[in-house]
């Protein structure tokens, strides 16, 4: 396992694992419940594949965070084996099927979560994302940690859109002046 997984690493692995599940994701694309299950909950869920590839563990629905990724060293020692209590989080992950549903909530949630990397995945579905990108950038820029987030490249937005046969993934890393397109 890498000591610190950065935005580029995560995006590369997300794209690779999503490509391996492309047919399933395309088939479930228009059904948000089934699509979300393919990302989080199915036996061969996308997040499970990603955690295996990164050599870390994922856990869904941790304290209202859609998913977190951690290593065994991040577990609180001495708690019952059937429970998951963390003292550190490698990656906090939020997933929003509906682009116009208030992404500011997801960004806010990620900003107040202490972790190495914050990831938000959403689907513009043909909507020009520029106004939303500007708004989300301002939210992060106006925090006391914006310089650390930018320097550490620790906030990643992933947009998914599809055509007939493909899903096109676009990554954006928060930088002080603007989002850096991957």
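Where a number appears in this text, it was derived from the coordinates with a stated rule and is not lab data. Remember, it's a predicted structure, so these values are computed and weren't measured experimentally. Positions of Cβ are backbone-derived with ideal geometry, glycine not excepted, and every protein chain shown enters the neighbour counts.
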For segment 140-153 the number of residues that are touching a helix residue (DSSP H, G or I) at 6+ places or on another chain (Cβ under 7 Å) and either closer than 20 Å to residue 182 by Cβ or part of a strand (DSSP E or B) (or both) is 4
So which of 128, 116 ends up being under 13 Å from the mean Cα position of the chain (by Cα), more than 21 Å from residue 19 (Cβ to Cβ) and surrounded by fewer than 21 Cβ atoms within 10 Å (Cβ to Cβ)?
-> 116
Residues located in segment 153-182, provided they are over 24 Å from residue 39 (Cβ atoms) and surrounded by 16 or more Cβ atoms within 10 Å (Cβ to Cβ) | 175
Which of (1) at negative phi; (2) outside any helix (DSSP H, G or I) does residue 61 not meet, given it meets every other one?
-> (1)
In segment 89-134, anything in a loop (DSSP other than H, G, I, E, B), in contact (Cβ under 8 Å) with a residue 24 or more places away in the chain and closer than 25 Å to residue 70 by Cα is listed as 89, 90, 97, 113, 114, 115, 116
Mind listing whichever residues of segment 28-47 are touching a strand residue (DSSP E or B) at 6+ places or on another chain (Cβ under 9 Å), surrounded by fewer than 19 Cβ atoms within 10 Å (Cβ to Cβ) and part of a helix (DSSP H, G or I)?
-> 36, 40
Please go through segment 1-15 and pick out each residue that is part of a helix (DSSP H, G or I), out of contact with any helix residue (DSSP H, G or I) (no Cβ under 7 Å at 6 or more places or on another chain) and touching a residue at least 24 places away in the same chain (Cβ under 8 Å).
-> 7, 8, 9, 10, 11, 15
Which pairs have Cβ atoms under 6 Å, sit 6 or more apart or on different chains, and link a residue in segment 16-27 that is surrounded by fewer than 18 Cβ atoms within 10 Å (Cβ to Cβ) to one that is in a helix (DSSP H, G or I)?
-> 24/38
Lone unmet requirement of (1) buried (at least 19 other Cβ atoms within 10 Å of the Cβ); (2) within 20 Å of residue 157 (Cα to Cα) for residue 56 | (2)
